[in-house]
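Student: Below is a structure I'd like to ask you about.
A short reminder: the numbers here are calculations on the coordinates, not readings from a lab. Just so we're clear, the structure is a prediction, and the values are computed from it rather than from any experiment. Backbone-built Cβ (ideal geometry, glycine too); neighbour counts: all protein chains shown.
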Amino acid sequence: MDYQVVIIGAGPAGLFAAMHLAQQGVSPVLLLEQGPDLSDRHRDQPGGILCGWGGAGAYSDGKLILSPEVGGFLGDLLPLDELNTLIQEVDYTYQTLGASPDLYGGDQDAIELLKARARHAGLIFIPTRLRHIGTENCRSLLQNIRDQLQGRVEIRTLCRAQHILRESSAAWRIGLDTGETIRAEYVVAAPGRSGSVWIREEARRLGIPSVPSPVDIGVRVEVPAEILAPLCEALYEVKLIYYSRTFDDKVRTFCMNPNGEVVLENYNGLVTVNGHSYSLQKTENSNFAILVSSFFTEPFDDPISYGQYIARLANLLGRGVIVQRLGDLQAGRRTTPVRLERCLTRPTLKAAVPGDLSFALPYRHLTDILEMIEAIDTLAPGINSRHTLLYGVEVKFYSQRLKLTPDLETPLRNLFVIGDGAGITRGLIQASVSGVMAAGAIAKRQHKSEVHEEQFTD
Ligand SMILES: Cc1cc2nc3c(=O)[nH]c(=O)nc-3n(C[C@H](O)[C@H](O)[C@H](O)COP(=O)(O)OP(=O)(O)OC[C@H]3O[C@@H](n4cnc5c(N)ncnc54)[C@H](O)[C@@H]3O)c2cc1C
């Protein structure tokens, strides 16, 4: 074997797997990343937001969600107390790497009050505990991980795994884009959302069963910060779920950024919208997403293509991301540059083109979003204002959910798939936990086989 373990992808899942393997003394380990190393990484490069050292986490807002119900489905594979212990372990590591010790979401009185008010408005409030790293601090945190791994794990950036191939019943070969082939006893694939199409194809070829995930499509809502302040001050982020009157669809708020900014996200040329906030640098606006979840069964079961199609349509109309005043959308007219100029909410994303979202979003999604805005207005009066800005489209592509054991091993021995790419996580904390889970299982198996070998030699 060339390596004991090959890890594919240097996002939070792959990095935590690498750190845990190094701590457990498993070696040699190779970490492959298709994007650039941290020092060469810029968000304006093609794929710059999602690929490179740190993965999609590098330019993220750095909200570490510590509640097990949010940010992934690891709770379906592990008992809740075990998952909570792993979340605490990973949270502690983040703090030693530089995450702030401040914790939001622990104010029980504020939670109970909001729960009752949300119910009254037809909304379900999901309490979450979280730590906020802040976009500007993510880089130094990732540098600290880089320093920890230097010399303990071999790191190859700008190197793409093309194929995962079977060497024997318990060993693997990885075909690289350099034409090289490497052999390893274990493979831990952590390709994230940017590698979701790649891992889907590899899983299909290797015969690993999977189930499709939903696609979440919606808009980014931007309002003056004082409108969301009553919700954000105590809890930082408020997660709300709404089942729409007209369609009974699940609609939810996502990624709230107090005093943050709206940003572009580029998925291989497809431009969508997102949001983040700095820890110190504050804007006068706050933003969050409203997303509608759609499942497809048959004859169509390709949610990723559906989401891409809608995003492509918005890009066609707006040559990128569209921004519209809520008042214009409700009145059935386009927002023009002149109308945007009259808007009391000043857009933080200057690159968005004033337009008409009703040409891009299906009636179903528009109806769901408008209904939810009405409902949230009860909790945060001023959201349902004609001066609220809507940016579109925001799309969350989730990977197919692969069939995995509680150790995150596929039905094929010694092949593990972790993080967002496996369709089992959706956030930094659970992605990191998944890395620890797979690495822990490998280290245990390695130590067992070493003891077995020693006994045999004796
Ligand atoms: C703008 C933005 C903001 C976000 N904000 C938050 C937040 O505040 N809080 C939160 O919890 N989550 C947030 N998220 C989500 C979070 O970043 C992801 O859940 C997390 O990064 C997933 O980790 P991962 O390691 O599974 O995948 P990723 O972070 O996507 O990393 C996967 C890596 O694998 C590499 N790769 C893929 N295929 C290959 C291949 N074939 N060969 C080699 N390398 C490959 C990719 O280049 C990438 O670097 C945000 C995401 C985005 C995009």
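Student: Which aspartates and glutamates have a Cα lying under 15 Å from the Cα of LYS448, excluding residues fewer than 8 positions away in the same chain?
Tutor: Those aspartates and glutamates meeting the cut-off are GLU185.
Student: Under the definition of Cα pairs under 8 Å and six or more residues apart, what whole-number percent is the relative contact order of the stretch 182-298? Working shown, then result.
Tutor: On the way: 172 pairs, mean separation 35.7, N = 117.
Relative contact order here is 30 percent.
Student: Run the numbers on the chain and let me know its relative contact order in percent, using alpha-carbon pairs under 8 Å that are six or more apart.
Tutor: 23
Student: Explain nothing, just compute: Karplus ³J(HN,Hα) = 6.51 cos²θ - 1.76 cosθ + 1.60, θ = phi - 60°, for every residue of the stretch 329-335 in order, whole Hz, x for Gly and Pro.
Tutor: 4, 5, 8, x, 10, 6, 8
Student: Here's a follow-up. Which of rounded, prolate, oblate describes the chain, given a ≥ b ≥ c as roots of the alpha-carbon gyration tensor eigenvalues and a/c under 1.5 marking rounded, otherwise prolate only if a/b is larger than b/c? Don't skip to the answer; put the middle values down first.
Tutor: Numbers: a/c = 1.94, a/b = 1.71, b/c = 1.13.
Prolate, because a/c is 1.5 or more and a/b exceeds b/c.
Student: Between THR246 and LEU316, what is 0.36 nm times their sequence separation minus the Cα-Cα distance? Round to one decimal in nm.
Tutor: Values: separation 70, 0.36 × 70 = 25.20 nm, distance 2.86 nm.
Roughly 22.3 nm would be gained on extension.
Student: Fewest to most neighbouring Cβ within 10 Å: what's the order for TRP172, TRP53? Before the final figure, lay out the partial values.
Tutor: Details: TRP172 23, TRP53 26.
Starting with the residue having the fewest Cβ neighbours, the order is TRP172, TRP53.
Student: Please list, in order along the stretch 94-108, the HN-Hα scalar couplings obtained from phi with the Karplus expression 6.51 cos²θ - 1.76 cosθ + 1.60 (θ = phi - 60°), rounded to whole Hz, x for Gly and Pro.
Tutor: 4, 5, 5, 8, x, 5, 5, x, 5, 10, 9, x, x, 7, 5
Student: Mind checking the full-extension length gain between PHE295 and ASP102? Use 0.36 nm per residue of separation minus the Cα-Cα distance, one decimal, nm.
Tutor: Values: separation 193, 0.36 × 193 = 69.48 nm, distance 3.70 nm.
Result: 65.8 nm gained on full extension.
Student: Let me ask you something else. Quote to one decimal, in nm, the extra length available between GLU233 and ASP147 on full extension: 0.36 nm per residue of separation minus the C-alpha distance between them. It would help to have the intermediate numbers written out before the result.
Tutor: Values: separation 86, 0.36 × 86 = 30.96 nm, distance 3.52 nm.
Taking 0.36 nm per residue and subtracting the Cα distance, the gain is 27.4 nm.
Student: If R₀ is 56 angstrom, what is the calculated FRET efficiency for the pair SER169 and GLN45, using the beta carbon separation as r and rounding to 0.05? Can you show the working numbers first?
Tutor: On the way: r = 40 Å, r/R0 = 0.72.
The pair SER169/GLN45 has a calculated efficiency of 0.90.
Student: Does the stretch 215-397 come out rounded, prolate or oblate, given a ≥ b ≥ c as the square roots of the eigenvalues of its C-alpha gyration tensor, rounded meaning a/c under 1.5 and, failing that, prolate meaning a/b above b/c? Please report the intermediate quantities before stating the final value.
Tutor: Values: a/c = 1.42, a/b = 1.24, b/c = 1.15.
Since a/c stays below 1.5, the shape of the stretch 215-397 is classed as rounded.
Student: Can you give me the long-range amide H partners of ASN259? Hydrogens built in the peptide plane at 1.01 Å from N, cutoff under 5 Å, separation of 5 or more residues or another chain.
Tutor: Residues meeting the criterion, in which the H sits 1.01 Å from N, are SER286, ASN287.
Student: Still on this structure, please answer the following. Taking R0 as 51 Å, what FRET efficiency do you get between ARG364 and GLN88 from their Cβ-Cβ distance, rounded to the nearest 0.05? Present the calculation step by step, with values, prior to reporting the outcome.
Tutor: Numbers: r = 40 Å, r/R0 = 0.79.
Working from the Cβ atoms, E equals 0.80.
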